[in-house]
Amino acid sequence: MTIEVKNIVKKFGAFTALDNVDLKVGKGELLALLGPSGSGKTTLLRIIAGLDWPDAGEVRIDGEDALGHGASERHVGFVFQHYALFRHMTVFENVAFGLRVQPRAIRKDEATIRARVKELLDLVQLDWLANRYPSQLSGGQRQRIALARALAIEPRILLLDEPFGALDAKVRKELRQWLRSLHSEIHVTSIFVTHDQEEALEVANRVVVMDKGRIEQIGTPGDVYDNPATAFVHGFIGESIVLPVEVTGGSVRLGGRPLNIAAGGAASGASKLFVRRHDMQIGPAGTGSLEGAVRHVRSFGPIQRAEIALSGGEGKTVIEIDAPRDRELQAGEIIGLQPRRYRIFAAQD
Amino acid sequence: MSTAVARQSSLPGVGLTMGLTLTWLSVIILIPLAGLFLKTLELSPGQFWEILTSRRTLNALKISFGLSFAAACVNLVMGTIIVWALVRYRFPGRRLFDAIVDIPFALPTAVAGVALTQLFAQKGWLGAPLAELGIKVAFTPIGIFIAMVFIGIPFVVRTVQPVLIDLDPEIEEAAASLGANRWHTVFRVILPSLIPALLTGFALAFARAVGEYGSVIFIAGNLPNVSEIAPLLIVIRLSEFRYADATAIAVIMLLASFLIILVVNRLQRWAQTRIPAH
């Protein structure tokens, strides 16, 4: 099923949670809404689910207007960050709930419901917990049950709100992979909200980066990482070195000193130079457009991470770079630096 | 046993607080109750049986327990609705209504009794229109019932309120997203989660109504066999210097109350194992 969101505006008092948001989700996609807290991602998800209502705009699920229906009529599976399991029901009854409350005309008989619940518990690999109560389960198990419960109604789309947010790092990692493989198995159009960029990049087919109620960029994980559309996306996804520069008619200056890099069409004025840590090429002193003294080196795995105090300018700028270990750096050494890949964005303030 | 606890515990003052607790409970509760039982031993089993099965005693007990049960049932239903409104809706005067719930707690029971009697007397604000309909409230069992409802309501409200406040609204959203209508959500999700608190509130309201004296006797009319409650009968026996009779009735009330509380407790325990608090 497809989801189409048009010109959604949502305000909470004076705070604008969503500011004219447009989004199209294709059939079978696994989409991540990524952003810091307060970026509006959860509000957008809740509006699609029918748990919140926009002040203006349209939501269409499979071409059909959704805003005319409440959550209970939308046929949308929703998974909550804190599971929201019914604690007075067994795992089995939790999963069966959506089937038991169906209108009498389409409600299945008891045997069919039992078979379906069994099937779902098998799908989430927790059939052995059917008679337990939610309080007897671990966090990861609870979230899998919550997912089985949401899938029981054969939802048209599946929405997950920070599904792994309350779990510890190791379980989170396992569940991520598990969610991805589950999605490739059942192929239901899914959107999940997360503030964890690693999670978004690892699980989703497409990532929607949000900030302050607006969509900053939509793209594949590779896209948003390699070609960030805005300064926010560059800063939010992946580790970046950010240097304040001045662009004047095609030349770039750092603290008055010209840098030997092209402005790449950046407008004149105060700007910010973004470079990924691993995109800083190192060489002997005198080569490259920047120079600095190595202050501290930590080596692990295939890389060495060096803290470098840039010389020139105010002389106080310290950056961290990741370099391959083919050339071991020494503390105190003076080296030349050249950005291999970089982006320049106008400074916003 | 207290020393065993003390030896294993790293908390300070275990021995002292355990000792104080046991002493205090004994002095305040257990010794007076024991005195009550000892006093009834002055009666032979035959006499005891005779007092218990006399028509007046049986009727008084029936009135006290029957009406208390009915009042607790009404309080359970109305209290739940009031809690729902107070917790879930924002309306002008909500805080005021919330405070009003506590009035039966705070008001001297005699004041409540006089006020209710005035209100429901044949010429009272409510008594007059009701009398026209042929319903007599004051000086009948209906009056007793109303007084019991009055003093019981805060028990249900105040026990259920914190539990409902703590109930995660996401639970309801989850139910809605699974296709449940309001009816299903209330009766399959919300109320079952409240059962332990509802049972506690019911038990407290019931116990209070059984023991209520002050507010009831003004409105009851106190006709033997018709509108005479058991606590009043005890007072009457005491004023006739028939102390053993009084304590015999008291013992029966005590045992009956104890039994009821025990049953409710069991029910609660059962519900709690099904709904562990996280």
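The values are calculated or read from the model by the stated rules, or taken from the named source; none is laboratory data. Keep in mind that this is a model prediction, so the values were computed, not measured. We place every Cβ from the backbone using ideal geometry, glycine too, and count neighbours over all the protein chains shown. To get the accessible areas, we keep the full protein, side chains included, count just its heavy atoms, and leave off ligands, DNA and RNA. Shrake-Rupley method; radii C 1.70, N 1.55, O 1.52, S 1.80 Å.
Surface composition of chain A: carbon plus sulfur atoms hold 49% of the accessible area, using a 1.4 angstrom probe and ignoring ligands, DNA and RNA.
Residues of A:66-79, mean number of Cβ from any other protein chain within 10 Å of their own Cβ, rounded to a whole number?
Details: counts 0, 0, 0, 0, 3, 9, 10, 3, 3, 3, 3, 2, 6, 2.
For this peptide, the per-residue mean of nearby foreign Cβ atoms is 3.
Helix-only mean residue ellipticity at 222 nm, chain B, DSSP H runs n ≥ 4 weighted -39,500 (n - 2.57), per residue, nearest 500. What is it?
On the way: 15 runs with 206 residues, N = 278.
Mean residue ellipticity at 222 nm (helix-derived): -24000 deg cm²/dmol.
Think of each Lys and Arg Cβ as +1 and each Asp and Glu Cβ as -1; about the Cα centre, that makes the dipole of chain A roughly 480 debye. In this structure, the amide hydrogen of A:VAL252, modeled 1.01 Å from its nitrogen in the peptide plane, lies closer than 5 angstrom to those of A:LEU259, A:ILE261, counting only residues at least 5 positions away or on a different chain. Each Lys and Arg Cβ is given +1 and each Asp and Glu Cβ -1; about its Cα centre, the range B:49-204 then shows a dipole of about 520 debye. Positive-end ranking of A:LEU18, B:PRO129, A:VAL188 along the dipole of the protein assembly as shown, with charges on Cβ about the Cα centre, is headed by B:PRO129.
Close amide H partners of B:ALA138, meaning residues 5 or more places away or on another chain with modelled amide H under 5 Å apart, do not exist here.
About the Cα centre, and with charges only on the beta carbon of Lys, Arg (+1) and Asp, Glu (-1), how big is the dipole of the range A:68-163? Nearest 20 debye, please. Display every interim value, and only then the final one.
Numbers: 14 positive and 10 negative charges, 40 e Å.
The calculated dipole for the range A:68-163 is roughly 200 debye.
Computed in the context of the full set of protein chains, the accessible area of chain B at 1.4 Å probe radius has 72% of its extent on carbon or sulfur.
What is the sum of charges, Lys and Arg at +1 and Asp and Glu at -1, for the other residues whose Cβ falls under 14 Å from the Cβ of A:PHE192? Each step should come with its number before you reach the end.
Values: positive: A:LYS41, A:ARG46, A:ARG172, A:ARG176, A:ARG180, A:ARG206; negative: A:GLU29, A:ASP161, A:GLU162, A:ASP196, A:GLU198, A:GLU199, A:GLU202.
Local net charge: -1.
The string of couplings for the range B:256-268 from the Karplus curve (6.51, -1.76, 1.60, θ = phi - 60°) is 5, 4, 4, 4, 5, 4, 4, 4, 4, 4, 4, 4, 5 Hz, one whole number per residue in order, with x for Gly and Pro.
Mind checking the alpha-carbon convex hull of the protein assembly as shown and giving the volume per residue in Å³? Please list the in-between numbers first.
Working: hull volume 168.7 nm³, N = 627.
Value for the protein assembly as shown: 269 Å³ per residue.
Largest accessible area first, the residues A:HIS195, A:HIS183 order themselves as A:HIS195, A:HIS183 under a 1.4 Å probe with ligands, DNA and RNA left out.
Computed 3J(HN,Hα) for the range B:128-139, one whole-Hz value per residue from the Karplus formula 6.51 cos²θ - 1.76 cosθ + 1.60 where θ = phi - 60°, is 4, x, 5, 4, 5, 7, x, 9, 9, 9, 5, 6, glycine and proline marked x. The GNM of chain B, with springs linking C-alpha atoms under 10 angstrom apart, assigns the highest mean-square fluctuation among B:TRP183, B:TRP84, B:TRP49 to B:TRP183. In the complete set of protein chains, residue-level accessible area for B:LYS136 is approximately 100 Å², probe 1.4 angstrom. Long hydrophobic helices in chain A, taken as whole DSSP H segments with a C-alpha length of 18 Å or more on their own axis and mean Kyte-Doolittle hydropathy at least -0.5: A:110-123, A:139-152.
In angstrom, the C-alpha Rg and Dmax of the range A:93-165 are 12.5, 38. Per-residue ellipticity at 222 nm computed for chain A from its helices equals -7500 deg cm²/dmol, with DSSP H segments shorter than 4 residues left out and the rest contributing -39,500 (n - 2.57). Its Cα gyration tensor gives the range A:1-156 an equivalent ellipsoid, and the semi-axes of that ellipsoid, as √(5λ) in whole Å with the largest first, are 31, 18, 13. For the range A:103-210, applying the loop criterion from DSSP together with a ceiling of 14 other beta carbons within 10 Å to the chymotrypsin sites (Phe, Trp or Tyr not before Pro) yields no site.
Close amide H partners of A:PHE78, meaning residues 5 or more places away or on another chain with modelled amide H under 5 Å apart, are A:LEU159. Between the range A:272-309 and the range A:59-98, how many Å separate their Cα centres? Centre-to-centre distance over Cα atoms comes out at 50 Å.
Take each residue of peptide B:190-201, count the partner chain Cβ atoms within 10 Å of its Cβ, and average: the result is 1. Calculate the spin-label point distance for A:ALA285 paired with A:ARG114, positioning each point 7 Å from the Cα along the beta-carbon direction, and give it in nanometres. Once both label points are built, they end up 8.2 nm from each other. Per the accessible-area calculation with a 1.4 Å probe, the total area buried between chain A and chain B rounds to 2200 Å². Normalised per residue, the accessible area of the range A:1-125 is 42 Å², obtained with a 1.4 Å probe and no contribution from ligands, DNA or RNA. Counting only the heavy atoms of the protein chains, how much of B:ILE82 is accessible to a 1.4 Å probe, in Å² to the nearest 10? B:ILE82 has an accessible surface of roughly 60 Å² with all protein chains in place. With K and R counted +1 and D and E -1, the other residues having a Cβ less than 14 Å from that of B:THR200 yield a net charge of +4.
Ordered by packing density, taken as the mean number of other Cβ atoms within 10 Å over each peptide's residues, highest first, how do B:108-114, B:10-16, B:162-168 rank?
On the way: B:108-114: 16.1, B:10-16: 10.7, B:162-168: 14.6.
The packing order, highest mean first, is B:108-114, B:162-168, B:10-16.
B:THR17 exposes around 80 Å² of accessible area when a 1.4 Å probe is run over every protein chain in place.
The GNM of chain A, with springs linking C-alpha atoms under 10 angstrom apart, assigns the highest mean-square fluctuation among A:PRO103, A:PRO339, A:PRO134 to A:PRO103. Summing +1 for each Lys or Arg and -1 for each Asp or Glu, what net charge is found among the other residues whose Cβ lies under 11 Å from the Cβ of A:THR16? In short, +2. Running Debye on the range B:148-278 with equal point scatterers at the Cα sites and no solvent, what base-10 log of I(q)/I(0) appears at q = 0.17, 0.23 Å⁻¹? Debye intensities relative to I(0), on a log10 scale: -0.95, -1.32.
Going through the cross-link list A:LYS10/A:LYS212; A:LYS11/A:LYS212; A:LYS173/A:LYS272; A:LYS6/A:LYS272; A:LYS11/A:LYS272; A:LYS24/A:LYS170, which pairs have a Cα-Cα distance over 22 Å in this structure?
On the way: A:LYS10/A:LYS212 12 Å; A:LYS11/A:LYS212 12 Å; A:LYS173/A:LYS272 34 Å; A:LYS6/A:LYS272 32 Å; A:LYS11/A:LYS272 31 Å; A:LYS24/A:LYS170 32 Å.
Over 22 Å Cα-Cα: A:LYS173/A:LYS272; A:LYS6/A:LYS272; A:LYS11/A:LYS272; A:LYS24/A:LYS170.
Evaluating 6.51 cos²θ - 1.76 cosθ + 1.60 at θ = phi - 60° for every residue in the range A:201-218, the Karplus couplings come out as 5, 7, 9, 7, 6, 9, 10, 10, 9, 10, 8, 6, x, 10, 8, 8, 7, 10 Hz, glycine and proline recorded as x. Loop-located GluC sites (Glu not before Pro) in the range B:159-251 (DSSP state other than H, G, I, E, B) with a sparse environment of at most 13 neighbouring Cβ atoms within 10 Å: B:GLU240.
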